[in-house]
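Here the structure is laid out as structure tokens; the discussion comes afterwards.
The values are calculated or read from the model by the stated rules, or taken from the named source; none is laboratory data. Note that the structure is predicted; figures quoted are calculated from it, not measured. Cβ sites come from the backbone with ideal geometry, for glycine too, and all protein chains shown count toward neighbours. To get the accessible areas, we keep the full protein, side chains included, count just its heavy atoms, and leave off ligands, DNA and RNA. Shrake-Rupley method; radii C 1.70, N 1.55, O 1.52, S 1.80 Å.
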Amino acid sequence: MQMPIVPSPRGVVKPKIFSTEEIEDEAKRLFEAIGQSSRWNMKICRSISPLTLEINELKAKKDVFLIAHSYQTPDIVYGVADSVSDSYTLSKAARDAPQKTILFSSVRFMAETAKIVSPHKTILHPSPDAGCSLSDGITSEDVVDLKKKYPGVPVACYINTTAAVKAECDVCVTSSNYLRICERLPGDKLIFVPDRFMGKHVQKHLEGKKEVIIFDGECEVHAEFTGEKVISWRNKMGSIGIDLQVLAHPECDVGVLEESDFVGSSELLMEEAMRLASVGSRDIMLITECGTAERVLAESEYEINLLGACVMCRHMKRTHLEDILQALREPRPEQIIEIDEMIIQDASKSLDEMFRLAE
Ligand code: 13P
Ligand code: SF4
């Protein structure tokens, strides 16, 4: 599988000076935890060690819980994060963490979600301009217009939305529970925003039971994959005797999902890839962002032959260790999540409803 290049320090934020022994020990820890010796070699690990050492020192000193989404780079995931997972699990981790300060290494909507579920905590977001094509593609006015057009119809919104959009919806969903929750909504119609691919998947799943009104958003990363490409990979591999297992994220087109053996969130895809490897099925194609493949390579006990090419999310990869260090030392105002109290109140209803229906 073709993987993205390793992000090296930009030299914008200077870490503290550590001893040669401290750097060597930390580099060894990183090298082993990341587990990709050719790309994340000892030289690279040494160069990032001062950053991870100071970040971990500051986290302990300031009692900060550091959450990172699976799509963050391995230096963040294995170097400094306390919790790494998909958006559903991470919103619960933010809600349940006893620490008063959370640093969320990911895109803006995830840090906003952490603030909604734990409004009394300080939520730090190191990269305020890390957006998402789904959350940036819909406004609260769009939802208000849909509600006017279809009065009384429940609105389900994917978690990849701003707090203001969540405040206008009845329930939030994530990639690990969207089918289950939509199935459980009352009535024979529902509005699904903003992901048109996921909306179509819901529509197909509920065919004959519910009509689904779909908004027109898409994830710029998962929109890159097509069913034709999957078929062509399967055929290519089949011709040399390889029985390819295809695992896809539900932000992909229905054509991709229909050609896949398994559909699930970033965390579920990783778990399934590792389960398949443990039963001897080691030729796997992950149709999703590259971070999931990086986690599989680092965490699988078994050798896995990852085939195909992943796509990298430029928004998710905006955060570097240096941004985290700077935000921990002294956050700029825009790195502290602030949301209007009324919006928090309304948006938390849609997230509470998600927790209720998902469990
Ligand atoms: P997950 O909840 O599956 O981690 O998805 C979040 C996301 O943005 C995927 O592109
Ligand atoms: Fe948004 Fe897609 Fe990036 Fe996820 S991968 S953050 S949905 S643009």
Carbon and sulfur %, accessible surface of region 191-252 computed with the full protein complex present, 1.4 Å: 49 percent
Centroid-to-centroid separation of region 177-199 and region 43-91 [C-alpha atoms, Å]: 34 Å
Output needed: Cys residues of the chain lacking any neighbouring Cys C-beta below 4.7 Å, sorted by number. 45, 132, 172, 182, 219, 252, 313
Over region 231-359, what is the relative contact order in percent, taking alpha-carbon pairs closer than 8 angstrom and at least six residues apart? 17 percent
Please sort 62-72, 202-212, 137-147 by packing, taking for each peptide the average over its residues of neighbouring beta carbons within 10 angstrom, highest first. 62-72, 137-147, 202-212
Could you report the chain's accessible area per residue, 1.4 Å probe, as an integer in Å²? 43 Å²
Enclosed volume per residue, in Å³, of the convex hull spanned by Cα atoms of region 202-359: 187 Å³
Distance in nm between pseudo-label sites at residue 183 and residue 271 (7 Å out along the Cβ direction from Cα): 1.6 nm
What order do you get for 224-230, 214-220, 94-100 when each peptide is scored by the mean count of other beta carbon atoms within 10 Å, highest first? 214-220, 224-230, 94-100
What whole-number volume per residue, in cubic angstrom, does the convex hull of the C-alpha atoms of region 268-332 give? 102 Å³
If unit charges are put on Cβ atoms (+1 for Lys and Arg, -1 for Asp and Glu) and the dipole of region 204-359 is taken about its Cα centre, the option from 264, 307, 320 lying farthest towards the positive end turns out to be 307
Take the alpha-carbon centre of region 101-120, take the same for region 210-282, and report the distance between them in whole Å. 29 Å
If the limit is 25 Å between Cα atoms, which of 59/121; 59/115; 204/236; 147/204 go over it? 204/236
How much of the pair distance distribution for region 183-230 lies past 17 Å, counting alpha-carbon pairs only, in percent? 39 percent
How much length would be gained if the chain were fully extended between residue 96 and residue 278, taking 0.36 nm per residue of separation minus their Cα-Cα distance, in nm to one decimal? 62.3 nm
In whole angstrom, note down how far apart the Cα centers of region 153-167 and region 297-339 are. 24 Å
P(r) tail for the chain, what percent of Cα pairs lie past 28 Å? 45 percent
What number, in percent, do you get for the relative contact order of the chain if the mean sequence gap of Cα pairs under 8 Å and at least 6 apart is divided by its residue count? 21 percent
Working out 0.36 nm times the residue gap between residue 342 and residue 10, then minus their Cα-Cα distance, what length gain in nm do you get to one decimal? 115.6 nm
